[in-house]
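*Asks:* Here it is: the structure, laid out below.
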Amino acid sequence: MVDALVNEFFTPPDLTFNPLTFNFDTDPARMEAYSAIYDTYRDDKLAAFKQRGGKMLFIHGMSDPIFSAFDTLDYYERLAANNGGMAATQGFARTFLVPGMNHCSGGPATDNYDSIQAMVDWVEKGVAPDTIAAKALPTNADMPGRTRPLCAYPKFAKYKGSGSVEDASSFVCAAE
């Protein structure tokens, strides 16, 4: 994990970084240099992006050990507040949470899904994704072959009460 940190949070990367000796007086400024280049969380309007017809999918693993999915939800809620509410925001940006998924993939999760096709369908065909079909690979020891719908936030996959809990057809996207 330390190897990832030296390249992820500092510009330029610092191969001598040790998180156990983090200096709260100097290290945050070094991290801010990276933040200014890559972080977009400060722009919670995305006005120019929206005006150009941009489409965005946020997909976040609920077990991400690096970045909290709750930070993504906070950003998305701010985005909605600044763009006329959730329904209006879903016209150009959608969030999908993947239960059990680590950072980008892995974990006890249905982390195999085609977000590229979902984006192509949205951009080229005008079909915004309400769900993305997901499955666990047969090699996933925790749930080999399990399927689930990933639901556009604020909806979530809810068991219908009948059918196999391993099969996506036994779930519906529901609001709280």
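Only the coordinates and a few stated rules stand behind these numbers; no lab work does. Since the structure is predicted, the reported quantities are computational estimates derived from the model, not experimental observations. All Cβ positions, glycine included, derive from the backbone under ideal geometry; neighbour counts span all protein chains shown.
*Asks:* Which entries in the list Lys45/Lys158; Lys135/Lys155; Lys45/Lys155; Lys45/Lys160 go over 27 Å, if you measure between the two C-alpha atoms of each? Can you show the working numbers first?
*Replies:* Working: Lys45/Lys158 31 Å; Lys135/Lys155 18 Å; Lys45/Lys155 22 Å; Lys45/Lys160 36 Å.
From Lys45/Lys158; Lys135/Lys155; Lys45/Lys155; Lys45/Lys160, over 27 Å: Lys45/Lys158; Lys45/Lys160.
*Asks:* Follow-up question, since we're still on this one. What ranking do 15-26, 76-87 get when scored by the average of other Cβ atoms within 10 Å per residue, highest first?
*Replies:* On the way: 15-26: 9.0, 76-87: 15.4.
The densest-packed peptide leads the list: 76-87, 15-26.
*Asks:* In terms of the Cα gyration tensor, with a ≥ b ≥ c the square roots of its eigenvalues, is the chain rounded because a/c is under 1.5, prolate because a/b exceeds b/c, or oblate?
*Replies:* Numbers: a/c = 2.31, a/b = 1.32, b/c = 1.74.
Oblate, since a/c reaches 1.5 and b/c is not below a/b.
*Asks:* If amide hydrogens are placed 1.01 Å from N in the peptide plane, which non-local residues have theirs closer than 5 Å to the one on Ile59?
*Replies:* Amide H to amide H, under 5 Å and 5 or more residues apart or across chains, Ile59 pairs with Phe96.
*Asks:* Using a/c under 1.5 as the rounded threshold, could you call the stretch 128-174 rounded, prolate or oblate? The axes a ≥ b ≥ c are square roots of the C-alpha gyration tensor eigenvalues, and prolate needs a/b larger than b/c, oblate otherwise. The partial results should precede the final answer.
*Replies:* On the way: a/c = 2.61, a/b = 1.41, b/c = 1.86.
Here the stretch 128-174 falls in the oblate category.
*Asks:* How long is the gain from Asp167 to Cys104 if the chain were fully straight, where each residue apart is worth 0.36 nm and the alpha carbon distance is subtracted?
*Replies:* 20.4 nm
*Asks:* Taking the Cα centroid of the stretch 15-82 and of the stretch 123-140, what is the distance between the two, rounded to the nearest whole Å?
*Replies:* 24 Å
*Asks:* Tell me, for the chain, which Cys residues have no other cysteine's C-beta sitting closer than 4.7 Å.
*Replies:* Here Cys104 come out as lacking a disulfide-compatible partner, given the Cβ-Cβ threshold of under 4.7 Å.
*Asks:* HN-Hα J couplings of the stretch 91-107 from phi, Karplus 6.51/-1.76/1.60, θ = phi - 60°, integer Hz, Gly and Pro as x?
*Replies:* Whole-Hz 3J(HN,Hα) from phi for the stretch 91-107: x, 9, 8, 9, 10, 10, 9, 10, x, x, 7, 7, 6, 6, 5, x, x.
*Asks:* Can you work out the Karplus-derived ³J(HN,Hα) for every residue in the stretch 82-90? Use 6.51 cos²θ - 1.76 cosθ + 1.60 with θ = phi - 60°, whole Hz, and x for glycine or proline.
*Replies:* For the stretch 82-90, the Karplus curve yields 8, 10, x, x, 5, 4, 5, 5, 5 Hz.
*Asks:* R0 = 30 Å: FRET efficiency of Thr21 with Leu73, Cβ-based, nearest 0.05?
*Replies:* Result of the calculation: an efficiency of 0.40.
*Asks:* With viscosity set to 1.567 mPa s at 4 °C, what whole-number translational diffusion coefficient in µm²/s follows for the stretch 66-156 from Stokes-Einstein and a Kirkwood radius over Cα pairs? Intermediate results must be reported in sequence, preceding the final value.
*Replies:* On the way: Rh = 14.1 Å.
The Stokes-Einstein estimate is 92 µm²/s.
*Asks:* Then there is this: Given H placed 1.01 Å from N in the peptide plane, which residues other than close sequence neighbours of Ala134 have an amide H under 5 Å from its amide H?
*Replies:* The list, which skips near neighbours in sequence, is Arg148, Leu150.
*Asks:* Another one. Listed highest first by mean packing, meaning other Cβ atoms within 10 Å per residue, what order do 150-156, 56-62 come in? Walk me through the intermediate numbers first.
*Replies:* Numbers: 150-156: 20.4, 56-62: 18.3.
Order by mean packing, descending: 150-156, 56-62.
*Asks:* List the residues, sorted by chain then number, that are 5 or more residues from Met101 or on another chain and whose placed amide H is less than 5 Å from its amide H.
*Replies:* Counting only residues 5 or more places away or on other chains, the set is Met62, Ser63.
*Asks:* Just the Cα atoms of the stretch 91-141, one point each, no solvent: what log10 I(q)/I(0) does Debye give at q = 0.15, 0.22 Å⁻¹?
*Replies:* With no solvent term, the Cα-only Debye profile gives -0.46, -0.82.
*Asks:* Here's a follow-up. Report, ordered by chain and residue number, the aspartates and glutamates lying within cross-link reach of Lys50, taken as a straight Cα distance under 20 Å and ignoring same-chain residues fewer than 8 apart.
*Replies:* Cα-Cα hits under 20 Å: Asp39, Asp74, Glu77, Asp121, Glu124, Asp130.
*Asks:* While we're looking at this one, here's another question. Determine the percent antiparallel among the DSSP beta bridges restricted to the chain, to the nearest 5. Present the calculation step by step, with values, prior to reporting the outcome.
*Replies:* Numbers: 12 of 18 bridges.
Taking every DSSP beta bridge with both residues in the chain, the antiparallel ones total about 65 percent.
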